[in-house]
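A short worksheet on the structure shown next.
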Amino acid sequence: MLRGLMMLCLGTMVMAAGQVQAATPLDGVWLFDKAPSYPGVTMVQLTGQGGKSRGVVTTAWYGAMEMRNLVVKDGKATFELRNLNDKAHATRQWTAALDGKDLKLVGDIWYAHAEQTGRRGTARDAKARTFKPASLPPLGTLAPDGQARTPPMGWSSWNKFAETIDDKTVRAMADALVATGLRDAGYVYVNIDDGWQGARGPDGALRPNAKFPDMKALADYVHARGLKLGVYSAPGPRTCAGYEGSYGHVRQDARTFAAWGVDYLKYDLCSGEWFYDDADKVQRAYYEMGAALRATGRPIVYSLCEYGRFEVGAWGREVGGHLWRTTGDITDDYPTMARIGFDKNGKPEHAGPGGWNDPDMLEIGNGGMSHDAYVTHMTLWAMSAAPLMMGHDLRQTRPEVLKLLTNREVIAVDQDALGVQGRAARREGATEVWKKPLADGSVALALFNRGDAPATIAVSAADAGLASLEGVRDVWAGADLSASTTSFVVPPQGAVLLKARGR
Ligand code: GLA
């Protein structure tokens, strides 16, 4: 052990002298100039002798990662790197092998397979590329600020446009929110997700990329239409799509967003998972931005996106969050939407006015699901008191999609002032009956059919927690039914939404 440490010191000293001398032919500094955004290895450092070697891989995402179980033999290093985004693969295998004068690096990281070729560098190069860690503040508690009394509603760029989003499209979406009547139905946030960020200026301030020439002007445009603007950042050095994150610049970025007139921030863990890998650190990282947003004095809705790790619902409010993702990403297909909506929508006791479980954005209108499946999507999100963030091209909202998204009574279930997140009252085979108490004393009941054939579902007063039913309303149809209508045929992957009144 001691001998190993001495050799590491010796190796470091040799490297620090500037002239890199090899204890094994691989030892020294290796520079990777064309680092892809995934995984972005910028430097490899190896030091020591034979089986006692130590090594560090530096990436733009995760900073300095220590090589584990490193073995150097015959001009080739094999080692493991810790992996955090997939519990089933807690470590990833890597090799670094001499290839003439170069070092060939092969391994897996994040969701990518990396193959990069590096050249020798000096200790000076190593110093320039060494990752500079940022510190975290101690955890504090933020009092409620009165925002998001009901689940936020709006539109976000990611599901449809991903990284192709630009200023012109965001403006077009703002216009479409007004023209379609979606704004007047309650969808007021226009959120730019990942892909707007450029480089930092000499003062460290984050700038938009060339697709967003003037963020303040864009905010003005959105505000002039009675709408609100959202942006996206990350507590780590890089966002999920590889753009600049807020790591080391948290307070500065909060001030920048406020100065632009931003009203909503989605803060996405991504590369931060490396640095904030336990409950304490994740909370402090999210608190740091929450406190920074508060300090700006501008009301900014704060959306925590760390995929439900470390039971975020239990502490999301205290770090200033108004909504927190409970799951990985939604995609535009029934199995994914159903898995998230039925089973990963967070604990109901965490939701309520000011703070909401967020099972991710809507896919309605993107075309990957049947009409009935989209009815389920909207019904399930409304029953869950979930944020309603549309994710399609609003300019191409077909009439039946507009009807789904603007049904006032369905929206009223989502936005109900009581703020109770509905939950399954009963599950039988492929059918589920969900219940959500509403502020007016009535109870929303949703009948879901997760199967492939039509199902008949009968409801009773007991499903609604009532002694007797006095009235039943078909919420999607906007029609009162006789109290004796208690049996419904629900199409495959479809849903029926009722409001029950009684005693
Ligand atoms: C993550 C988030 C998505 C989206 C992308 C952007 O995957 O969960 O909602 O923001 O990042 O890169």
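The values are calculated or read from the model by the stated rules, or taken from the named source; none is laboratory data. This is a predicted model, so every value here is computed, not measured. Cβ coordinates were reconstructed from backbone atoms using ideal geometry, including for glycine residues, and neighbour counts include every protein chain displayed.
Of the candidates 496, 472, 459, 490, the single residue that is buried (at least 21 other Cβ atoms within 10 Å of the Cβ) and more than 13 Å from residue 432 (Cα to Cα) is 472. Among residues of region 331-347 being hydrophobic (A, V, I, L, M, F, W, C) and touching a residue at least 60 places away in the same chain (Cβ under 8 Å), the one that is nearest to residue 424 (Cα to Cα) is 342.
The single condition from (1) acidic (Asp, Glu); (2) closer than 22 Å to residue 269 by Cα; (3) within 16 Å of the ligand (Cβ to nearest atom) that residue 332 fails is (2). All conditions in (1) away from the ligand (no atom under 16 Å from the Cβ); (2) more than 22 Å from residue 430 (Cα to Cα); (3) buried (at least 24 other Cβ atoms within 10 Å of the Cβ) hold for residue 367, with the sole exception of (3).
Scanning region 229-249 for residues that are touching a strand residue (DSSP E or B) at 6+ places or on another chain (Cβ under 9 Å) and more than 12 Å from the ligand (Cβ to nearest atom) returns 229, 235, 237, 244, 246, 247, 249. Does residue 311 qualify as being under 15 Å from the mean Cα position of the chain (by Cα), more than 12 Å from the ligand (Cβ to nearest atom) and among the acidic types (Asp, Glu)? So residue 311 fits the description; yes. When the residues of region 191-205 are filtered to those that are more than 16 Å from the ligand (Cβ to nearest atom) and either charged (D, E, K, R) or in contact with an Asp or Glu (Cβ under 6 Å, 6 or more places away or on another chain) (or both), the one that is nearest to residue 394 (Cα to Cα) is 200. Condition check: part of a strand (DSSP E or B) and of a type in the set (A, V, I, L, M). Does residue 84 satisfy that? Against the criterion (part of a strand (DSSP E or B) and of a type in the set (A, V, I, L, M)), residue 84 does not qualify. When region 128-163 is examined, which residues are found to be hydroxyl-bearing (Ser, Thr, Tyr) and more than 16 Å from the ligand (Cβ to nearest atom)? If the condition is that a residue be hydroxyl-bearing (Ser, Thr, Tyr) and more than 16 Å from the ligand (Cβ to nearest atom), then 130, 135, 141, 150 are the ones that fit. Per the listing 125, 166, the residue uniquely within 16 Å of the ligand (Cβ to nearest atom) and either surrounded by fewer than 18 Cβ atoms within 10 Å (Cβ to Cβ) or more than 20 Å from residue 301 (Cα to Cα) (or both) is 166. A single entry from 169, 91 fulfils the requirement of being hydroxyl-bearing (Ser, Thr, Tyr) and in the same structural domain as residue 330 (by TED's automatic domain parsing): 169.
For region 74-84, the count of residues that are basic (Lys, Arg) and in contact with a helix residue (DSSP H, G or I) (Cβ under 9 Å, 6 or more places away or on another chain) is nonzero. Close contacts from region 261-290, counting a first residue that is under 16 Å from residue 138 (Cβ atoms) and a second that is among the polar types (S, T, N, Q) and within 15 Å of the ligand (Cβ to nearest atom), with Cβ to Cβ under 7 Å and a gap of 6+ residues or different chains, come to 289/246. Can you tell me which residue within region 250-266, out of those that are surrounded by fewer than 24 Cβ atoms within 10 Å (Cβ to Cβ), more than 12 Å from residue 295 (Cβ to Cβ) and not hydrophobic (A, V, I, L, M, F, W, C), is farthest from the ligand (Cβ to nearest atom)? Ranking the candidates gives 261 first. Listed by first and then second residue, the pairs linking a residue in region 142-153 that is of a type in the set (D, E, K, R) to a residue that is surrounded by 20 or more Cβ atoms within 10 Å (Cβ to Cβ), with Cβ atoms under 8 Å apart and 6 or more places separating them unless they lie on different chains, are 145/320.
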